[in-house]
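Any read-out appearing in this document is the output of simple, stated calculations on the displayed coordinates, not a laboratory observation. Computed from a predicted model, the values in this text were never measured in an experiment. Reconstructed Cβ throughout: ideal geometry from the backbone, glycine too, with neighbour counts over all protein chains shown.
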């Protein structure tokens, strides 16, 4: 059955595959991050991404950072639009009783809880989080939680033991991200390849103080020292210093939530997508 519009998420593989269709159906391609970063690291993918971006009638980027990459890879700039996907701030909201969640998991209620929620693979650089924890635990009473699964988990668990991180818990696969974020006072993002992390936005909506890499899409949502903190990618010492700053400025969690509620509404994203659909297919 024919479609009025094809909307492909990720320039590769879905955008490329959609671009091969002989039909003249309008094509929208949404770029999320890795689909634009991969061809820069591995040029063999560039022709496939370029075709998808040039054949698309409209390209949507999840951040201004990704928009710039998409244009660099061949998307006509006038066809590229930034639409932040947004977060449900009713689902992701501060806990009424954070201590109850901590007690259920055996986490001390009087410790600063610092968390990260990622796929446990090398490019997410959870290793940096663990190495920073060594410095942090020497300065304050902190407990560290790692959510997520991946083939790197055995190495990361071994590293935490070898480095002597006393209070670190690996939770494995997390079914309810909102519950995870409600455990935490501070949320850390160490990844070096994100369009604009949904986990980061969800943590901010929940009232965590964010500490994230100063690059990629993060500066579009965090102003250093105002609603969170930024550190140089791969700078473990800088990460530890910013977490210690966050520990002394937990009030910034309210500012972080205000940012998400005000500027990253999913309703606004839906409205703008619908406008694109109406422009490309006004109707019969």
> Taking the structure as given and computing Kirkwood radius over Cα pairs in Å, which label from (1) 22.9; (2) 20.4; (3) 19.9 fits?
Replying inline: (3)
> Based on the Cβ-Cβ distance from residue 4 to residue 97, what FRET efficiency comes out when R0 is 45 Å, to the nearest 0.05?
Replying inline: 0.40
> According to a simple spin-label model (label point 7 Å from Cα along Cα-to-Cβ), what is the distance in nm between residue 176 and residue 234?
Replying inline: 3.9
> With each label point set 7 Å from Cα along the Cα-Cβ vector, what nm distance links residue 134 and residue 46?
Replying inline: 3.9
>> Please arrange 181, 152, 9 by how many other C-beta atoms lie within 10 Å of their C-beta, fewest to most.
In response: 9, 152, 181
> Stretch residue 278-residue 123 to full length: gain in nm at 0.36 nm per residue minus the Cα-Cα span?
Replying inline: 52.0 nm
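Between residue 25 and residue 81, 0.36 nm times their residue separation minus their Cα-Cα distance comes to what?
18.2 nm
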> Add -39500 (n - 2.57) for each DSSP H run of 4 or more in the chain, then divide by its residues: what number comes out at 222 nm, to the nearest 500 deg cm²/dmol?
Replying inline: -11500 deg cm²/dmol
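Take the alpha carbon gyration tensor of region 98-263, find the square roots of its eigenvalues, order them as a ≥ b ≥ c, and report rounded if a/c is under 1.5; if not, report prolate when a/b exceeds b/c, else oblate.
Here region 98-263 falls in the rounded category.
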> What FRET efficiency would be calculated for the residue pair residue 104, residue 55, taking the C-beta separation as r and a Förster radius of 45 Å, to the nearest 0.05?
Replying inline: 0.30
